[in-house]
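> Can you keep this structure in mind? I'll have questions shortly.
The values are calculated or read from the model by the stated rules, or taken from the named source; none is laboratory data. On a predicted model such as this, the values are computed, not experimentally measured, just so you know. Don't worry about glycine lacking a Cβ; one is built from the backbone with ideal geometry, like all the others, and counts go over all protein chains shown.
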Amino acid sequence: MITVHHLEDSRSQRVLWLMEELGLPYEVKRYNRDPKTRLAPPELLKVHPLGKSPVIDDNGRVVAETGAIIEYVVGRYGEGRLIPAEGTDARLAYVYWLHFAEGSAMPPLVMKLIFNTMVQRSPKLLKGVVKAVTAPVLAGFVEPNIARQLGFIEGHLAASPWFAGPDFTAADIMMSFPLEAASQRADLSALPKVKAFLDAIHARPAYLRALERGGPYAFA
Ligand SMILES: N[C@@H](CCC(=O)N[C@@H](CS)C(=O)NCC(=O)O)C(=O)O
């Protein structure tokens with residue numbers, strides 16, 4: 001039985017969803033964020049040295065990093081589901097988007113969150129100074145990268161119903177979190193395909209079952 005170490009309101013929601021899509025039995029060990037810092041609690045450090053979520057434990061085999069977990073679970077238990085056949089263009093697209101999600105899409109979204117949090121949490125007297133430091137980086141680097149990436153994704157989804165071709169795959173699960181985060185940190189009004197993708201995944205029965213297992217999730 002796989003145990004999913006799941007931090008509330010986090011990327012690990014994707015792993016619960018993966019387990020539901022595959023119909024695999026699993027146990028959820030839920031962790032709450034520190035209400036002030038929003039960081040993971042120290043208990044997670046006992047599961048993995050980085051103390052982040054998700055982490056799974058498959059009978060003593062501990063796997064961290066969402067993409068690695070997805071590759072492990074799909075490879076070991078998927079029986080060919082949620083992954084395109086080897087050697088196809090769809091498989092190449094699958095590998096690309098599986099890596100793009102955390103490797104390219106998340107960094108500018110995390111930077112935006114951090115810079116905005118820095119401004120929010122600065123003492124009143126320093127807010128203006130912190131804003132003066134962060135605003136040019138946001139405007140000159142972070143925002144343009146987010147906009148360019150979202151435009152690229154919109155174009156891809158205009159040509160393909162799912163990220164890796166005609167069928168729903170684990171690449172769609174992987175890409176869900178950056179797009180959910182973007183729906184809160186960016187303007188999606190000119191991105192109908194991205195919005196349609198989010199609507200489609202949010203209506204999937206397995207997605208809804210995963211929400212029940214994981215508890216409240218602010219990004220859905
Ligand atoms: N690239 C890693 C990122 C892991 C990560 O940063 N997880 C966040 C959850 S969204 C976390 O544990 N944050 C709490 C903390 O940093 O204390 C993955 O996809 O697994």
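> Tell me, please, whether a residue that is at pLDDT 95 or above, within 27 Å of VAL74 (Cα to Cα) and either within 16 Å of the ligand (Cβ to nearest atom) or over 14 Å from the mean Cα position of the chain (by Cα) (or both) can be found in segment 134-149.
Scanning segment 134-149, I find at least one residue that is at pLDDT 95 or above, within 27 Å of VAL74 (Cα to Cα) and either within 16 Å of the ligand (Cβ to nearest atom) or over 14 Å from the mean Cα position of the chain (by Cα) (or both), so the answer is yes.
> At least 2 residues that are small (Gly, Ala, Ser) in each: list the helices (runs of 4 or more DSSP H) lying fully within segment 1-118 that qualify.
66-77, 89-100
> Does GLU180 fit the bill of being crowded, with 18+ Cβ neighbours inside 10 Å, among the acidic types (Asp, Glu) and without any contact (Cβ under 8 Å) to a residue 60 or more places away in the chain?
In short, yes.
Quick grid of which residues meet (1) surrounded by 16 or more Cβ atoms within 10 Å (Cβ to Cβ); (2) on the phi > 0 side of the Ramachandran plot; (3) among the basic types (Lys, Arg):
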residue: ILE69; (1), (2), (3): yes, no, no
residue: ALA93; (1), (2), (3): yes, no, no
residue: GLU102; (1), (2), (3): yes, no, no
residue: ASN116; (1), (2), (3): no, no, no
residue: ARG148; (1), (2), (3): no, no, yes
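> Now, a different point. When you go through GLY67, GLY75, GLY60 one by one, which is the residue that is at pLDDT 95 or above, within 16 Å of the ligand (Cβ to nearest atom) and small (Gly, Ala, Ser)?
Of GLY67, GLY75, GLY60, the one residue that is at pLDDT 95 or above, within 16 Å of the ligand (Cβ to nearest atom) and small (Gly, Ala, Ser) is GLY67.
> Could you run through segment 59-71 and say how many residues are of a type outside the set (Val, Ile, Thr) and closer than 20 Å to ILE173 by Cα?
5
> Take segment 78-132 and flag every residue that is more than 13 Å from the ligand (Cβ to nearest atom) and hydroxyl-bearing (Ser, Thr, Tyr).
THR88, TYR94, TYR96, SER122
> Give me a count of the residues in segment 4-21 that are out of contact with any Lys or Arg (no Cβ under 6 Å at 6 or more places or on another chain) and either under 22 Å from GLY60 (Cα atoms) or within 9 Å of the ligand (Cβ to nearest atom) (or both).
Number of matching residues: 12.
> Moving to a separate point now. Looking only at segment 185-210, count how many residues are at pLDDT 95 or above and under 20 Å from ARG38 (Cα atoms).
0
> Taking segment 11-27 on its own, how many of its residues are touching a Ser or Thr at 6+ places or on another chain (Cβ under 8 Å) and either more than 19 Å from ALA171 (Cα to Cα) or surrounded by fewer than 22 Cβ atoms within 10 Å (Cβ to Cβ) (or both)?
2
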